[in-house]
Amino acid sequence: MRNRLIVLALAFVFLALAVGKDSFFRPRAFPPDRAEFPIRGIDVSHHQGNIDWQRVAADDVAFAIIKATEGGDHVDDAFAGNLRQARAAGLVVGAYHFFTFCRPGADQAKNFLSVVPRGEPLLPPVVDIEFHGNCPNRPSPAELSAELLAFLGPVEAAYGKPAIIYITDEAAPTYAAHIAVRQRWLRSIAMPPKEEDWVYWQYLDTGRVDGIDGDVDLNVLNGGPARLSELFSPAPESSVSGTPSLAGTPRSP
């Protein structure tokens, strides 16, 4: 009888692990210190479905970074509506581009420029570099650096602000030390970022916000309201006609 109970108990444990292994082994996320990082934001794409932005804005969300484009011709079909409605709800808004490995950077820049409006307040453009969902071919660090610069040049010239780079933990060891120096959007769901020079910290990818059905990425800003206002402010007219001074500066290996 005793052995039977032990077998049943072990079977129950294994079943529980099999059902909930993802949540069981997943690093436990934690909310950043709100006294230190008072500004919270989200990043979204069409995957979030229809968003009630008025409810989002009322749920302690100050900014939203919205997927605009991917590669040389893909446009997120929710971008225009999300941008318009988030702005109308009073959020500070920005756009990001998923950088693919199988299209020239110049083509990707044209795609982004054709979709993201100019001449109105926006957070700095963001470039998303990751392996998941990307083309199977992996360029060398030198090749990626060249194509990324071909993207950054016209994009930064058009919006008058140095871009921000989001690079995942999987891609960072290969590329982070070899691409142009830009401020970073860091992803760290297990502990605070070790680096200090970052703009956004994505601390949870299974967050919940009123107005969105399902999971959404949660972020905080490195700074307070003044920093957010500085990032969102219109670019100086003198910088719109040319690429910002950071463009093309390689990161030392």
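The values are calculated or read from the model by the stated rules, or taken from the named source; none is laboratory data. Just so it is clear, the structure is predicted and the values come from calculations on it, not from any experiment. Backbone-built Cβ (ideal geometry, glycine too); neighbour counts: all protein chains shown. Only protein heavy atoms, including side chains, enter the accessible area calculation; ligands, DNA and RNA are left aside. Shrake-Rupley method; radii C 1.70, N 1.55, O 1.52, S 1.80 Å.
Tell me which strands (runs of 3 or more DSSP E) are completely within the range 42-144 and hold 1 or more residues being buried (at least 23 other Cβ atoms within 10 Å of the Cβ) and touching a His at 6+ places or on another chain (Cβ under 7 Å), or say none if there are none.
Strands (runs of 3 or more DSSP E) meeting the threshold: 63-70, 126-129.
Cβ-Cβ below 6 Å, separation at least six or inter-chain, first residue in the range 44-59 and at negative phi, second open to solvent by 90 Å² or more (accessible area, probe 1.4 Å) and not in a helix (DSSP H, G or I): which pairs?
HIS46/ASP77
With the structure loaded, tell me whether ALA150 is of a type in the set (A, V, I, L, M), open to solvent by 20 Å² or more (accessible area, probe 1.4 Å) and over 27 Å from ALA62 (Cβ atoms) or whether it fails that test.
Spelling it out, ALA150 is indeed of a type in the set (A, V, I, L, M), open to solvent by 20 Å² or more (accessible area, probe 1.4 Å) and over 27 Å from ALA62 (Cβ atoms).
Yes or no, residue by residue, for (1) open to solvent by 60 Å² or more (accessible area, probe 1.4 Å); (2) modelled with pLDDT of 95 or more:
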residue	(1), (2)
SER188	no, no
ASP197	yes, no
TYR200	no, yes
ASP210	yes, yes
ASP217	no, yes
LEU221	no, yes
SER229	yes, yes
LEU246	yes, no
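If ALA180 satisfies all but one of (1) touching a strand residue (DSSP E or B) at 6+ places or on another chain (Cβ under 8 Å); (2) hydrophobic (A, V, I, L, M, F, W, C); (3) at pLDDT below 90; (4) closer than 27 Å to GLU120 by Cα, what's the number of the condition it fails?
(3)
For the range 197-211, name all the residues that are of a type in the set (Asp, Glu) and under 22 Å from PRO124 (Cβ atoms).
Matches in the range 197-211: ASP197, ASP205.
Go through VAL155, VAL116 for me and flag whichever is at pLDDT 95 or above, within 29 Å of TYR203 (Cα to Cα) and in contact with a helix residue (DSSP H, G or I) (Cβ under 6 Å, 6 or more places away or on another chain).
Being at pLDDT 95 or above, within 29 Å of TYR203 (Cα to Cα) and in contact with a helix residue (DSSP H, G or I) (Cβ under 6 Å, 6 or more places away or on another chain) holds for just one of VAL155, VAL116, which is VAL155.
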